[in-house]
Amino acid sequence: MSKLALNGGPKIKLDSWPEWPVYNEKEKNMLMEVLESRQWGTLGPKVLKLNEKFASFIHAGHALSVSSGTSALEVVLRALGIGYGDEVIVPPYTFMATVTSVLMVNATPVFVDIDPDSNCIDSEKIEDAVTSRTRAIIPVHISGTPADMDEIMKIAGKHNLTVIEDAAQAHGSEWKGRKVGSIGTAAIFSFQLSKNITSGEGGMITTNNKELADLCWSVHHVGRSRNGEWYRHYRLSGNYRMTEWQAAVLLAQLERLEAQGNIRERNFRILNDSLDSIEGVETFKIDPRVTRHSHHLYMFKYKREHFNNAPKTRFIEALNAEGIPSGYGYIEIHQQPLFKTPEVKKILTRDINYESLELPETKRACSETVWIPQNALLAPEKDMENIAGAILKIRENRNEL
Ligand SMILES: *Cc1c(COP(=O)(O)O)cnc(C)c1O
């Protein structure tokens with residue numbers, strides 16, 4: 001008789017996981033305030049308050065709400081004047097927007113492989129990718145793990161490059177006691193539905209540079225100027241503004257972040273300890289310079305040779321069947337069909353054949369890294385034992401995979 005739930009056996013976890021997103025009366029009251037104020041549009045009191053609160057949360061000089069994390073990236077790149085003929089260094093293990101934002105301003109993304117210990121950009125490989133056309137580096141704090149900001153800032157200083165932190169997954173993460181989002185030239189955050197605080201869609205730009213903050217403001221606001229007349233437009237741009245509805249929800253969400261972060265941190269430690277004793281899976285060790293981790297995703301490595309050589313897809317099916325929410329994560333980014341389109345080829349500064357790039361660590365991460373979403377980390381302690389128990393059960397019954 002089969003043991004795995006995948007094959008009709010009993011499930012490890014029968015009841016549900018914490019629902020996401022979380023809300024209560026706070027969100028309801030804030031939304032009602034917006035409704036009744038009739039200030040439904042943009043740059044109203046809630047957006048301005050959110051900018052203020054977020055800047056002080058990150059300890060950044062300036063924060064600007066925008067419509068999404070993707071548009072935040074585009075606004076920053078545009079404000080920096082990065083465009084055709086420029087190259088931007090990006091990691092290949094990330095959400096596509098990190099890369100497409102570069103193409104959207106007609107600049108060329110240059111991939112640098114990741115460090116398998118963090119799945120973040122490998123800072124030791126960045127310098128080899130710098131050319132006379134390189135303008136910026138976009139390190140991604142993947143899963144909430146800060147990239148090696150010491151080394152990245154050093155290289156950027158040496159070659160006069162801008163650093164844009166993609167902190168879309170890293171609300172509250174810290175590098176040596178400093179919040180990510182306050183270290184680079186600028187940073188972006190996302191409030192998309194899966195993120196640790198959310199308004200369904202939404203984004204934020206942070207920077208310590210006043211001039212850049214003003215430029216971002218203009219770019220996000222169809223090229224208007226802070227002190228200019230309403231119908232006077234100073235640069236080519238679009239509308240990337242956040243609405244009061246989103247800001248209302250985020251003001252309530254922000255108040256919950258710290259306490260939720262503590263629960264995620266506790267459960268992360270429990271999970272790492274339990275998984276370390278299971279053969280065939282490997283945990284990610286946190287660099288001691290990471291003083292706080294948002295744990296947007298719980299990542300671990302699946303070694304198929306210890307599981308009857310079953311591919312990661314099969315293992316994830318088995319895990320989900322046991323009642324453990326898990327996901328495959330990113331697929332190899334440089335193999336995405338978009339890189340073959342004439343539209344993209346026209347933008348590139350040189351003839352980069354993305355499809356044939358050798359990015360061995362990214363390839364390995366795509367085939368080995370398993371994701372458990374952040375809301376599962378909000379569950380009670382005992383549920384962490386269910387996650388470990390399900391993995392152990394699959395390992396013990398690997399002949400069924
Ligand atoms: C979510 C995400 C983005 C894009 O944010 P949206 O708000 O969905 O546009 C960018 N980069 C990373 C790493 C992300 O996870």
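The values are calculated or read from the model by the stated rules, or taken from the named source; none is laboratory data. Just so it is clear, the model here is predicted, and its values are computed rather than measured. So basically every Cβ, Gly included, is an ideal-geometry build from the backbone, and we count neighbours across all protein chains shown. Calculation scope for accessible area: heavy atoms of the full protein, side chains included, ligands and nucleic acids excluded. Shrake-Rupley method; radii C 1.70, N 1.55, O 1.52, S 1.80 Å.
Kindly evaluate Asp115 against the criterion of being more than 12 Å from the ligand (Cβ to nearest atom), within 16 Å of the chain's Cα centre (by Cα) and among the acidic types (Asp, Glu).
For Asp115, the condition - more than 12 Å from the ligand (Cβ to nearest atom), within 16 Å of the chain's Cα centre (by Cα) and among the acidic types (Asp, Glu) - is not met.
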**Asked** Only one residue in Val34, Val66, Val88 is within 16 Å of the ligand (Cβ to nearest atom), over 30 Å from Glu124 (Cα atoms) and open to solvent by less than 10 Å² (accessible area, probe 1.4 Å). Which one?
**Response** Val66
**Prompt:** Of the residues in the stretch 368-401, how many are assigned to a helix (DSSP H, G or I), open to solvent by 20 Å² or more (accessible area, probe 1.4 Å) and either without any contact (Cβ under 8 Å) to a residue 60 or more places away in the chain or under 16 Å from Asn308 (Cβ atoms) (or both)?
**Reply:** 9
**Message:** Please verify whether His295 is at positive phi, open to solvent by less than 10 Å² (accessible area, probe 1.4 Å) and not acidic (Asp, Glu), treating the condition exactly as stated.
**Reply:** yes
**Prompt:** Counting only residues that are part of a helix (DSSP H, G or I) and open to solvent by less than 10 Å² (accessible area, probe 1.4 Å), how many does the stretch 98-120 have?
**Reply:** 4
**Request:** Go through (1) at pLDDT below 95; (2) open to solvent by 60 Å² or more (accessible area, probe 1.4 Å); (3) over 26 Å from the mean Cα position of the chain (by Cα) and name the single condition Lys340 misses.
**Result:** (3)
**Inter-residue pairs, beta-carbon under 9 Å, first closer than 19 Å to Pro91 by Cβ and free of Cβ contacts under 8 Å to residues at least 40 places away in the same chain and in the stretch 333-351, second open to solvent by 30 Å² or more (accessible area, probe 1.4 Å) and basic (Lys, Arg), 6+ apart** = Phe339/Lys345
**Message:** Scan the stretch 308-318 and tell me whether some residue there is modelled with pLDDT of 95 or more, in contact with a strand residue (DSSP E or B) (Cβ under 6 Å, 6 or more places away or on another chain) and buried (at least 18 other Cβ atoms within 10 Å of the Cβ).
**Reply:** yes
**Prompt:** Quick one: would you say Tyr302 is within 30 Å of Ile89 (Cα to Cα), open to solvent by 10 Å² or more (accessible area, probe 1.4 Å), aromatic (Phe, Trp, Tyr) and in the same structural domain as Arg395 (by TED's automatic domain parsing)?
**Reply:** no
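The rows are residues; the columns are (1) closer than 23 Å to Leu257 by Cβ; (2) out of contact with any Pro (no Cβ under 9 Å at 6 or more places or on another chain).
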residue: Ser190; (1), (2): yes, yes
residue: Leu193; (1), (2): yes, no
residue: Asn196; (1), (2): yes, yes
residue: Met204; (1), (2): yes, yes
residue: Ser218; (1), (2): no, yes
residue: Gly223; (1), (2): no, yes
residue: Glu229; (1), (2): no, yes
residue: His233; (1), (2): no, yes
residue: Gly238; (1), (2): no, yes
